[in-house]
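Chemist: Below is the structure I would like to discuss, written out as structure tokens.
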Amino acid sequence: MKAARFYDRGDIRIEDIPEPVVEPGTVGIAVAWCGICGTDLHEFMEGPIFIPPCGHPHPISGESAPITMGHEFSGVVYAVGAGVDDIEVGQHVVVEPYIVADDVPTGPGDHYHLSKDMNFIGLGGRGGGLSERIAVKRRWVHPISHAIPLDQAALIEPLSVGHHAYTRSGAKAGDVALVGGAGPIGLLLSAILKAKGLTVFITELSAKRKEKARESGVADHILDPSEVDVVAEVMRLTGGKGVDVAFECSSVNPVLDTLVAVTKATGVVVIVSIWSHPATINVHSVVMKELDVRGTIAYCNDHQATIELVEQGKIKLAPFITQRIQLEDLVAQGFDTLIHNNESAVKIIVQPRFQPAE
Ligand SMILES: NC(=O)c1ccc[n+]([C@@H]2O[C@H](COP(=O)([O-])OP(=O)(O)OC[C@H]3O[C@@H](n4cnc5c(N)ncnc54)[C@H](O)[C@@H]3O)[C@@H](O)[C@H]2O)c1
Ligand SMILES: [Zn+2]
């Protein structure tokens, strides 16, 4: 079967590799669509980061480069391994792409996403969604209804990142949120916040991303710091009170400064971005307003609730798919768009092979 395999920085190859073996306890999935993530781009441009370099096997998966990529995918079950009796061939599914040690508890309330050596399917080994087929442990396979088109279902993984950030914030219906940065993560997080009944302000510089925020309906107000004083405008819109929660999704320090300035006393600032350098923060404001500054990473028992929001029609994912490509064109079209024309893209999704009409 065809697979996109990461060898090293700047070296991803589309190759023929053996099909996965559907071992006991696993589910064989024919991949329908797989999104390209900013993390994949970082691996290509600056990596290996999450990917274990050649000769340095990951402590849990035991694998090292070359590694099959892709962690944001949907598909159709084509085989079930021995002992799997609650999922059938033909079921539509998405994957919560974790690699965690076998002795880590993964039930409700368990923080398996923070466990030692945690990594992701499609980065740390165990196959990936940028291939025709994959076998995944039953625990990480989430059935979805046929009402969710499989192309949109590929966005459930980054949407779950937004759901986890929302959960971390403690926000509730009726609250006002400011989201800083409307890239894929800020937009999908905003969709979760709207679905949960919040009023959502977005601050964003890019014209194309402001337009996407507008047309997708995920923001009540879009504030461009090159056009307005965002702090003054948020204060005006909230009657001088400030927002209840703020989400940093840009990894840009001025955005963090704005969020801290406009969050109300006792409010919560959630850092969603991955920062590759130390940031500065107005600690005096944090103290004098008794702010909670919180991190959030990936997801943990978020997929089920996220899937339900999509199944209930509370979140429309179609506007966030901006390009569809075939696996052969992953680098020449997919990565090229993200490198040279990032703001035009939200999610580029990849079809690993021609799927016969169902
Ligand atoms: N915590 C997690 O689990 C998790 C998961 C996935 C991604 N991430 C991180 O989330 C971050 C966002 O991801 P993304 O793919 O949406 O990134 P992105 O770079 O596409 O989006 C960032 C957005 O911020 C905007 N921006 C930049 N400067 C600004 C300013 N001064 N004011 C307002 N907006 C500004 C940019 O125009 C851009 O649209 C990244 O750091 C990514 O690594 C975190
Ligand atoms: Zn991702």
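Chemist: Please state, to two decimals, what the Cα-based radius of gyration of the chain comes to when divided by 2.2 N^0.38 Å (N = residues).
Modeler: Here the answer is 0.99, to two decimals.
Chemist: Continuing with the same structure: Based on other C-beta atoms within 10 Å, arrange 201, 73 from fewest to most.
Modeler: 201, 73
Chemist: Restricting the count to DSSP beta bridges whose residues both fall in the chain, what percent are antiparallel, rounded to a multiple of 5?
Modeler: Percent antiparallel among DSSP bridges in the chain is about 55.
Chemist: Still on this structure, please answer the following. Compare the Cα positions of 84, 330, 142 along the charge dipole of the chain (+1 at Cβ of Lys, Arg; -1 at Cβ of Asp, Glu; about the Cα centre) and return the one farthest towards the positive end.
Modeler: 142
Chemist: Could you pull out every residue, at least 5 positions away or on a different chain, whose amide H is within less than 5 Å of the one on residue 99? Hs are placed 1.01 Å off N in the peptide plane, and Pro or chain starts have none.
Modeler: 119, 120, 121
Chemist: May I ask you to sort 325, 349 by Cβ crowding, counting other Cβ atoms within 10 Å and putting the fewest first?
Modeler: By the 10 Å Cβ count, ascending: 325, 349.
Chemist: Another question about this same structure. Mind jotting down a quarter of the surface of the convex hull over the alpha carbons of the stretch 139-268, in square nanometres, one decimal?
Modeler: Mean projected area of the Cα convex hull: 8.7 nm².
Chemist: Next up: Which angle from 0 to 90°, rounded to the nearest 10, does the C-alpha axis of helix 207-216 make with the longest principal axis of the chain?
Modeler: Taking the Cα atoms of the chain, the angle to 207-216 is about 80 degrees.
Chemist: Next up: By per-residue mean of other Cβ atoms within 10 Å, what is the highest-first order of 309-316, 265-272?
Modeler: 265-272, 309-316
Chemist: Continuing with this model, one more query. Tell me the angle of helix 156-169 to the major Cα principal axis of the chain, expressed in degrees between 0 and 90 and rounded to the nearest ten.
Modeler: In the chain, helix 156-169 runs at an angle near 40 degrees to the longest axis.
Chemist: What is the set of long-range amide H partners of residue 243 at a cut-off below 5 Å, with H atoms built 1.01 Å from backbone N?
Modeler: Hits under the 5 Å cutoff: 263, 264.
Chemist: Quick one: dipole size for the chain, taken about the Cα centre, charges +1 on Lys/Arg Cβ and -1 on Asp/Glu Cβ, in debye to the nearest 20.
Modeler: Dipole about the Cα centre, nearest 20: 700 debye.
Read-outs throughout are calculated quantities, based only on the coordinates presented, and are distinct from any laboratory measurement. The structure displayed is predicted, hence computed values, not measured ones. Glycine also receives a Cβ, built like all others from the backbone with ideal geometry; neighbour counts cover every protein chain displayed.
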